[in-house]
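The structure appears right after this line, and notes come after that.
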Amino acid sequence: MVTCLRCGKADTYRSPVCPHCGTPYVFSDEDIEARLSAVRRGGRRKDDAYAESCHILADLGRPEGVRLYGALLEQMGHVDHAVGLYRAHADADPYAAYRYAIHARHTDAQQSFFRLRFASYFGCEESFEPMAEAFAERSQTERAMYFFRLASDRGSRTASIALARLYIDRAKEDDLGYARYMLGRTSLASLRTPRLYAKVKACAPIEPPLPDDTFRIPALYELANEAERLGERSVYATLCERLLSMGRTDMQATVARLLIAGDGCPQDVTRGLSLLHALSERGDTAAAIRLGDLYQKGSPIPKDYARALTYYQRAAEFGDGRGYERLGDYYRAGVEDRPRIARAIELYEQGAAHGSTDAARKARDLKAQREHYYTRAMNERDSSPKDAYRHFVAAADMGYLPAEVRIGDCYLVGIGVPVDRRRAFLWYKYAAEHKNEEAYYPLAMCYSRGVGTPFNYREALTYLRRAHALGCEPAMEEATRLLEARRKKKERALHACVCELLYQGKAAEAAPLAELSAGLGNGKALYTLGAMYEFGIGVRSDGQTAADLYARAEEAGFTDERAHLKRILLRQANARHPAV
């Protein structure tokens, strides 16, 4: 009888839930221990109290209760109920797995073999001999011999005989001695197996070594893969945990994933994260990526974008293409800021270079999308300038360099936006900084003509030379114009210096500068030097030289019909040098 703690009614135990109030029965540790002691003392006495205690312990998942209650059900002829009980506990209890395998042998051979291996690999002694027989049927002799030996060491006569037969069939060196030894373990072996005994009776018995058990770890891997394929998640988790406990560090990531998700085992996020952190510290990029995913998604742990980015970067630094792909996803989605598609494409391309096919596909898709925006904008410039501008901006935001130049054009001439020369210049400069060769010429023209920025001779000439190197002919024409304007400016500045010196009465100092200025071909400078020779201002008076200089000045395009400049110079000279 069981008393419900909620409603207080006592009744025969039939299920874990009280039939009167629907509340699950609760048993104290003392009650459970008392029932365990009772069934252990019960021996073969199978009264109702014994059966009830076995039932309770089985429902509580106690292996001893499962074993005793299952055996009791089988003795009472409730085989289907017993099979259901064994199946319910087969994922965690090797004995239940063994009993279920025995009952399922004729109805589901695959499941039976699977459960039998699980039971024997986890140490269920009752399963050793059936396991050996199953391996022998499948011609896996070494494994069969191993389990026959385990069963024989536990007193199974039939296992000793079966192992002796396998030694005789193998017929290697000392095998007959091994067979003689195994038959010697069986009393009256000569009477039980006379033909077998006759083959080895003349041999001295030799104790065989325990067969090689190196197959156990590969067998566990094999069984784990089969469990995953069959969808036996609990068994799969148990096998992965067992392999990890055997020092198989390659299962650490798998166990961590199962623990974090609670997949086939109780959820333990703390231990799962600890395993992943340890792997990441050892340079495991898959673990770093997994940690990044967990911190970014925030399930089942709090979101931490900074840590997510750190782990993605760690994976990328170790050369894992998936790390670059995750970084690309991070910037593409704009997790912490606005989406940065250009940066995402760059990272995807790096991921593709490190072998990530997904990163390569994502880079292709984004490139195709931005090229579509650009093509559409080019087609809409005349018919729908505002849409064209919008699509140019979309393409530029995705890192398409030609679109940056087109946006500059939009601001320069007012396509879809008001004219804004300053913004046009800034877009051209932005494109040039991104190594967009198409931006060199318009940027040079902005510097050359002072469009959106102050005139800058050096920058203009730099970008004009770059544009010309790329085959832009107008760039050379503009560069020539700039150089010519620069030369003329210098000529004018030099002539102005000569005039300033003459005004200051420093004719001797002005003379060599006047010669230099005239040598540059400046018409006004030639005329000034001619006047200086005609009147002997700072130089020796020489009428012929003066006449020649006047002629050259006229050829250079300077004329002074009324000699206005000459009179100014003479007046300055007389004022400073009255003796002249």
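The values are calculated or read from the model by the stated rules, or taken from the named source; none is laboratory data. Everything numeric in this text was worked out from a predicted model, so none of it was measured. All Cβ positions, even for glycine, are placed from backbone atoms using ideal geometry, and neighbour counts span all protein chains on display.
What the table shows:
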item	result
Residue that is closer than 22 Å to Glu241 by Cα, in contact with a helix residue (DSSP H, G or I) (Cβ under 8 Å, 6 or more places away or on another chain), part of a helix (DSSP H, G or I) and small (Gly, Ala, Ser), where the choices are Ser152, Ser120, Ser112	Ser120
Residue among Gly70, Gly65, Gly8 that alone is part of a loop (DSSP other than H, G, I, E, B) and either over 21 Å from Leu85 (Cβ atoms) or within 54 Å of the chain's Cα centre (by Cα) (or both)	Gly8
Residue under evaluation Cys54, criteria (1) in a helix (DSSP H, G or I); (2) in contact with a Phe, Trp or Tyr (Cβ under 9 Å, 6 or more places away or on another chain); (3) touching a residue at least 24 places away in the same chain (Cβ under 8 Å), criterion not met	(3)
Subset of the stretch 203-221 [among the aliphatic types (A, V, I, L, M) and out of contact with any Leu (no Cβ under 6 Å at 6 or more places or on another chain)]	Ala204, Ile206, Leu210, Ile217, Ala219
Unmet criterion (only one of (1) in a loop (DSSP other than H, G, I, E, B); (2) surrounded by fewer than 21 Cβ atoms within 10 Å (Cβ to Cβ); (3) of a type in the set (Val, Ile, Thr)) for Ile537	(2)
Helices (runs of 4 or more DSSP H) fully within the stretch 417-505 counting 1 or more residues that are buried (at least 18 other Cβ atoms within 10 Å of the Cβ) and of a type in the set (Val, Ile, Thr)	473-503
Some residue of the stretch 541-557 being more than 30 Å from Ala444 (Cβ to Cβ) and touching a residue at least 60 places away in the same chain (Cβ under 8 Å)	no
Number of positions in the stretch 320-338 that are touching a Gly at 6+ places or on another chain (Cβ under 9 Å) and either of a type outside the set (Asp, Glu) or within 17 Å of Leu273 (Cα to Cα) (or both)	8
Of all residues making up the stretch 204-234, the number that are assigned to a helix (DSSP H, G or I), out of contact with any helix residue (DSSP H, G or I) (no Cβ under 9 Å at 6 or more places or on another chain) and closer than 30 Å to Ser160 by Cα	1
Residue in the stretch 235-249 that is assigned to a helix (DSSP H, G or I) and charged (D, E, K, R) present	yes
Candidate set from the stretch 335-379 (those that are in a loop (DSSP other than H, G, I, E, B) and surrounded by 14 or more Cβ atoms within 10 Å (Cβ to Cβ)); member that is modelled with the lowest pLDDT	Val335
Residue in the stretch 387-394 that is within 28 Å of the chain's Cα centre (by Cα) and under 26 Å from Lys429 (Cβ atoms) present	yes
Tally, over the stretch 2-15, of residues that are touching a helix residue (DSSP H, G or I) at 6+ places or on another chain (Cβ under 8 Å) and surrounded by 13 or more Cβ atoms within 10 Å (Cβ to Cβ)	2
Residue match in the stretch 174-192 (condition: within 22 Å of Tyr121 (Cα to Cα) and either part of a loop (DSSP other than H, G, I, E, B) or at pLDDT below 85 (or both))	no
Residue match in the stretch 311-333 (condition: more than 14 Å from the chain's Cα centre (by Cα), free of Cβ contacts under 8 Å to residues at least 40 places away in the same chain and either under 18 Å from Ala396 (Cβ atoms) or in a loop (DSSP other than H, G, I, E, B) (or both))	no
Near pairs, Cβ below 7 angstrom, 6+ apart or cross-chain, from the stretch 473-489 (closer than 16 Å to Leu443 by Cβ) to any residue that is of a type in the set (S, T, N, Q) and surrounded by 12 or more Cβ atoms within 10 Å (Cβ to Cβ)	Glu478/Ser448; Leu482/Ser448
Verdict on Glu125 being surrounded by fewer than 18 Cβ atoms within 10 Å (Cβ to Cβ), in contact (Cβ under 8 Å) with a residue 60 or more places away in the chain and at negative phi	no
Residue count for the stretch 206-238, restricted to those that are buried (at least 16 other Cβ atoms within 10 Å of the Cβ), touching a residue at least 60 places away in the same chain (Cβ under 8 Å) and within 28 Å of Arg149 (Cβ to Cβ)	8
Number of the condition not met by Phe114 [criteria: (1) in contact with a Ser or Thr (Cβ under 9 Å, 6 or more places away or on another chain); (2) among the hydrophobic types (A, V, I, L, M, F, W, C); (3) touching a residue at least 40 places away in the same chain (Cβ under 8 Å)]	(1)
Subset of the stretch 19-51 [surrounded by 20 or more Cβ atoms within 10 Å (Cβ to Cβ) and either part of a loop (DSSP other than H, G, I, E, B) or touching a Cys at 6+ places or on another chain (Cβ under 7 Å) (or both)]	Val39
Scope the stretch 249-300; condition among the small types (Gly, Ala, Ser) and over 15 Å from Tyr236 (Cβ atoms); matching residues	Gly272, Ser274, Ala278, Ser280, Gly283, Ala286, Ala287, Ala288, Gly292, Gly298, Ser299
Residue in the stretch 82-105 that is without any contact (Cβ under 8 Å) to a residue 12 or more places away in the chain, more than 23 Å from Ile217 (Cβ to Cβ) and outside any helix (DSSP H, G or I) present	yes
Test result for Ala396, buried (at least 19 other Cβ atoms within 10 Å of the Cβ), free of Cβ contacts under 8 Å to residues at least 60 places away in the same chain and either of a type in the set (A, V, I, L, M) or in contact with a strand residue (DSSP E or B) (Cβ under 6 Å, 6 or more places away or on another chain) (or both)	yes
